[in-house]
Amino acid sequence: MQNTCPSIRRRALAGLLLASVVPGVRAAGSDIEPRVEALLQQMTQEEKIGQLTQYSGNWNATGPVTFKGSHQDHLLAGRVGAMLNVLGAERTRAYQALAMQSRLKIPLLFGQDVIHGYQTTFPIPLAEAASWDLPAIEQSARIAATEAAASGIHWTFAPMVDIARDPRWGRVMEGAGEDPYLGSKIAFARVKGFQGRQLGDTDAVMATAKHFAAYGAAQGGRDYNSVDTSERLLREVYLPPFKAAVDAGVATFMNAFNDLNGIPANGSALLQRDILKGAWAFKGFVVSDWGSIGEMVAHGYVKDQRDAARAAITAGSDMDMESTAYRDHLGALVRDGQVAQSLVDDAVKRVLRKKFELGLFEDPYRFSDAAREQAVLARPEHRQAARAMAAKSIVLLKNEPWPATKQPLLPLQPQGKTIAFIGPLVKAVEDNHGAWAIRIPGLDYSKFIVTQWDGLKQRLPADARLLYAKGSDIQGDRRDGFAEAVAVARQADVVVMSLGESADMSGEAKSRADLGLPGVQDELVQAVHATGKPVVLLVNAGRPLTFNWAAERVNAIAYTWWLGTEAGNAIADVLLGEHNPSARLPISFPRSVGQIPVFYSHFNTGRPVPPPDASGAAGSQAFRSHYIDSPNAPRYAFGHGLSYTQFAYSDLRLDKTRLALTDTLTVRFTLRNTGARAGDEVVQLYLRDRVGSVVRPVQELKGFQKLHLQPGQSRELSFVIDRETLSFHNHRLQWVAEPGEFDLMVGAASDDIRLRASFELLE
Ligand code: BGC
């Protein structure tokens with residue numbers, strides 16, 4: 001697996017290897033338990049409940065802050081277990097110093113939403129998922145953790161591992177897309193990246209698998225909305241990435257705002273006790289989402305805050321973020337016999353264990369070191385890695401030959417050319433960060449972030465000219481910039497347009513009912529395109545957008561999402577061909593909101609649309625499962641993404657076509673780079689179980705490999721299939737592989753299958 005900017009990659013890796021890891025001082029696992037027990041014995045009920053209470057320091061509140069004024073009294077009295085939104089070595093040190101004056105001197109945890117980088121911002125998680133590059137994704141989380149930990153943070157509220165199939169939901173940007181297999185691999189990589197070698201190292205932070213569970217299935221894509229899903233869908237689609245996070249050793253879980261089949265996640269014993277702490281034997285702790293314990297009142301699940309506290313602790317929610325229900329009611333609930341003391345003690349012990357593992361009892365200030373903070377945040381190799389990751393996240397959706405030259409528009413050939421760079425995102429600064437980036441107080445982002453304009457301008461040869469017009473705002477209906485945009489386009493040999501959403505249009509509470517390019521940007525493309533000049537479109541967004549007019553007419557389109565600090569450099573790397581695009585969509589792109597949900601692993605139905613006949617003609621669709629006004633297929637399918645080179649797949653071989661339950665099957669084939677450039681291919685393996693005790697999807701991703709080939713180079717690849725690969729939840733919800741025929745598909749995208757075979761699983 002490689003990046004096509006080898007020099008950048010080598011330097012970044014070398015830097016990371018050189019970066020000193022301060023070894024952990026954590027107590028060995030076996031030492032921790034007696035210390036936790038001994039400490040618990042000394043604690044008053046109020047101090048115990050304090051450990052289960054988390055307050056916000058107000059820096060970046062995502063909900064109403066319940067704890068106004070000075071935190072001092074609570075900290076001094078040992079009534080706070082954790083804080084969020086307290087940033088920086090000095091501030092965390094100051095808060096910790098207050099906790100150190102409490103009777104038992106139990107250190108605070110500092111949590112933060114380190115979603116895609118800390119000071120060095122990486123692409124939004126959905127964009128990184130498009131890289132399908134697990135080592136790079138792990139490295140991105142590693143760097144985020146290194147920076148955050150140097151800034152006093154012990155704990156990130158990431159990764160968000162919610163599977164999301166509805167781009168109206170603004171939080172699709174925070175996850176890894178629609179697929180449980182890809183989502184699980186990425187969840188695992190992110191947890192490993194955040195937690196590093198071990199908790200207790202000063203470059204490792206605790207990760208949080210969130211939001212447990214099925215938050216991504218919010219009805220209508222409206223944030224915080226209810227979720228109604230079958231238990232099979234829950235177990236096959238929404239839970240696997242959480243299980244992968246547990247397998248990776250994730251320290252904490254966050255539950256969710258939504259109700260799941262009528263039970264708010266905070267009150268769900270099925271999720272938290274039976275599945276998480278029971279079947280999965282999770283030893284960490286569960287934090288609520290912001291105020292979500294108290295919100296069970298509004299859900300209509302409990303009658304008041306006291307009842308909310310009872311329901312949450314009983315169901316297995318350990319720490320209360322910002323609802324104060326535990327603070328105000330847990331003591332009385334135990335006193336009145338409504339909550340067992342053992343439930344409180346278990347939750348407290350889970351929190352204390354992590355504080356011991358982090359080494360905070362040895363040195364509560366070990367993460368809050370201003371000198372280390374300064375040195376770590378300034379590391380140039382972090383920016384280099386962010387640039388490489390950003391380039392790997394850009395999906396080339398379309399790149400058709402320009403009729404006059406018969407050459408694809410990308411990569412640009414700028415020598416001696418005039419390029420018009422048009423659109424409201426060309427010179428945007430903070431928007432490149434995308435939603436939910438950390439804002440470091442005092443940092444001048446106008447100098448820190450590489451804009452798209454600067455990125456391209458700095459790299460063009462001296463004989464190339466770069467012209468600019470904004471054209472329009474991102475939102476609003478002003479068209480008075482169109483004339484200038486058209487005039488600038490007319491002077492150019494090629495036009496690059498940068499359109500899309502502003503950073504604050506996706507993320508939490510940013511659901512959209514319309515997924516079109518906001519404002520008048522669609523009209524702007526049409527006006528510029530009407531000049532007859534070749535147009536390359538860059539779409540910046542936190543979610544799949546619909547842009548049908550451009551998709552059908554503009555010759556080259558790259559989806560750039562939100563790429564972070566190095567956005568401009570990474571975009572220039574791709575436009576100029578220094579990075580050969582290798583990203584693939586982790587989520588289907590609908591043609592219209594009316595198609596949602598549209599995802600590749602759907603069922604066939606009893607009336608599927610017939611496949612085209614041998615001549616390519618479509619069969620009749622009458623009384624078939626289709627729309628009368630739209631194709632069923634998405635605009636761009638899961639797994640789609642182009643390269644500046646081409647790959648040929650051949651010689652598919654299965655070592656057997658009949659497989660016993662205890663056996664494995666090896667699939668081999670040859671991949672060859674048939675183009676003129678070195679490039680990466682993401683080879684995807686899909687299976688279909690033809691007949692099941694419950695119907696199975698038409699395709700399920702079961703493996704992928706990303707690899708780099710020189711022009712003309714071939715490689716033999718293999719995948720191994722075993723019983724686990726073929727298993728699913730049967731009609732009794734048992735995890736089994738059922739004998740029968742399977743179709744095997746190998747290809748470059750879910751809709752670009754190059755090799756097919758079938759095999760049989762025997763009794
Ligand atoms: C979000 C969480 C986040 C928390 C703390 C909530 O509104 O849903 O994902 O971790 O705020 O900022």
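The values are calculated or read from the model by the stated rules, or taken from the named source; none is laboratory data. Note that the structure is a prediction, hence the values are computed from the model and not measured. Reconstructed Cβ throughout: ideal geometry from the backbone, glycine too, with neighbour counts over all protein chains shown. Surface areas here come from the heavy atoms of the whole protein model, side chains and all, with no ligands, DNA or RNA. Shrake-Rupley method; radii C 1.70, N 1.55, O 1.52, S 1.80 Å.
Students often get this wrong, so check it: of 392/533; 656/706; 185/706; 470/533; 392/457; 105/277, which have C-alpha atoms separated by over 23 Å? 392/533; 656/706; 105/277, as the Cα separations exceed 23 Å there. Share of carbon and sulfur in the accessible area of the chain stands at 50%, probe radius 1.4 Å. Max-minus-min Cα coordinates of the stretch 389-593 on each principal axis give 46, 36, 35 Å, with the largest extent listed first.
Here the gap between residue 473 and residue 232, fully extended at 0.36 nm per residue and compared with their Cα-Cα distance, gives a gain of 82.3 nm.
Once you reduce the stretch 413-482 and the stretch 223-250 to the center of their Cα atoms, the two points are 38 Å from each other. When the charge dipole of the chain is built from unit charges on Cβ atoms (+1 for Lys and Arg, -1 for Asp and Glu) and taken about the Cα centre, the candidate among 712, 634, 106 whose Cα reaches farthest toward its positive end is 712. The alpha carbons of the chain stretch over 80, 66, 48 Å along the principal axes, in descending order. Legend: residues 366, 690, sorted from most to least accessible area (1.4 Å probe; ligands, DNA and RNA excluded), read 690, 366. Our compactness index for the stretch 645-761, the C-alpha radius of gyration over the empirical 2.2 N^0.38 Å, is 1.15.
Relative to its residue count, the stretch 474-622 spans a Cα convex hull of 189 Å³ per residue. Express in % the proportion of alpha carbon pairs of the stretch 463-523 at distances exceeding 16 Å. For the stretch 463-523, the share of Cα pairs beyond 16 Å comes to 52 percent. Taking the Cα centre of the chain as origin and assigning +1 to Lys and Arg Cβ atoms and -1 to Asp and Glu Cβ atoms, the resulting dipole is close to 1000 debye.
With N counted as the residues of the stretch 75-228, its alpha-carbon radius of gyration over 2.2 N^0.38 Å works out to 1.13. Find, to one decimal place in angstroms, the Kirkwood hydrodynamic radius of the stretch 698-763, where the mean of 1/r is taken over every pair of different Cα atoms and then inverted. Radius from the Kirkwood sum: 14.2 Å.
With a simple spin-label model that places each label point 7 Å from the Cα along the Cα-to-Cβ direction, the separation between residue 622 and residue 104 comes to 7.6 nm. In a reduced charge model with +1 at each Lys and Arg Cβ and -1 at each Asp and Glu Cβ, the stretch 552-663 shows a dipole moment near 460 debye about its Cα centre. Counting only protein chain heavy atoms and rolling a 1.4 Å probe, the accessible areas of 450, 609, 720 rank, largest first, as 720, 609, 450. Helix 325-335 and the long axis of the chain differ in direction by around 40°, with both axes built from C-alpha atoms.
The residues of the chain present an accessible area of 36 Å² per residue when probed at 1.4 Å with all protein chains retained.
Once each part is reduced to its C-alpha centroid, what is the distance from the stretch 589-611 to the stretch 117-160 in angstrom? What the calculation gives is 33 Å, centre to centre. Pairwise Cα distances in the stretch 203-301 exceed 21 Å for 28 percent of all pairs. Here the stretch 593-648 is described by how far its Cα atoms reach on the three principal axes: 41, 31, 21 Å, from widest to narrowest.
Rounded to the nearest angstrom and listed largest first, the equivalent-ellipsoid semi-axes of the stretch 542-657 from its Cα gyration tensor are 31, 22, 14.
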